[in-house]
Amino acid sequence: MNILSNPDYSHIISWLPNHNKRFAVHDHSLFSSQILPKYFRRVIFRSFVRKLNRWGFRSVKRSVSGFDSTFEHPYFCRDSPEFCAQMSCQSTPLSTAAPKSSSRRPSPVPSASQSVTPTSPEVPTTVVSRASQEPLPDFNAFNSAIDLRNERLLAQLHERELVMQELQQRRQQMMLQLIPMLEPDNSLVSLYFAKKLRTLQSQAQQVRNYV
């Protein structure tokens, strides 16, 4: 009933005009993606319809209501939420459940045109909806795990950048040492240091590719 009272959801689900016991779902996809994950464990519209049937809701034809998915319940009233205390959940939908014999007389059902007022003094003290008992997923733990993973990746990236900077500094130092030694008449020394220079360049390229 809180969902129907929320004006932000009026384009998805709402009470029928001039009727205090019927509501309609206008958009199945938006209802399944925006409303069902907040209040129910299952996010499939057919599962929601089966749950309504177990609670005694009846589907209304489009020719009568003007909408595809319209439901009503004699005790689900817009202006009298206290009547919800008389609702009960069946193990099977009412359309397929076998009738049970009972010596207790049923409570009178208020009509749509009559003003709804509480008639039964015997109201259960604790009526908890199954939907309110279903736990929501722990998004805080999920976000904390993502933040921890991002911190580890940033630390690894920073460490690789430090290694790259150290290799560049070593290359510059080696170049400074090689410049005075590269004389035309000292070919063996030039070849040796040229080979060392190529080795350092290869190592730097490997680190760059890895990063």
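Values in this text are rule-based calculations from the coordinates and carry no lab data. The structure presented is a predicted model; accordingly, all values stated were derived computationally and were not measured. Cβ: placed from backbone, ideal geometry, glycine included. Neighbour counts: every protein chain shown.
Residues of the stretch 150-178 with an amide N closer than 18 Å to a point placed 7 Å from the Cα of residue 207 along the Cα-to-Cβ direction: 155-177. If you add up the charges near residue 34, with Lys and Arg at +1 and Asp and Glu at -1, over every other residue whose beta carbon is less than 10 angstrom from its beta carbon, what do you get? It works out to a net charge of -1. Placing a pseudo-label 7 Å from each Cα along the Cα-to-Cβ vector at residue 80 and residue 196 gives an inter-label distance of 9.8 nm. Each residue, residue 142 and residue 51, gets one label point 7 Å from its Cα in the Cβ direction; the gap between the two is 1.7 nm.
R0 = 41 Å: FRET efficiency of residue 39 with residue 160, Cβ-based, nearest 0.05? It comes to 0.30.
Could you please report the charge total around residue 78, scoring K, R as +1 and D, E as -1 over all other residues with beta-carbon less than 10 angstrom from its beta-carbon? Mind dumping the intermediate values first?
Working: positive: 21, 22; negative: 79.
Net charge around residue 78: +1.
Peptides 12-20, 149-157, 191-199 ranked from most to least packed, by the mean per-residue count of other Cβ atoms within 10 Å: 12-20, 191-199, 149-157.
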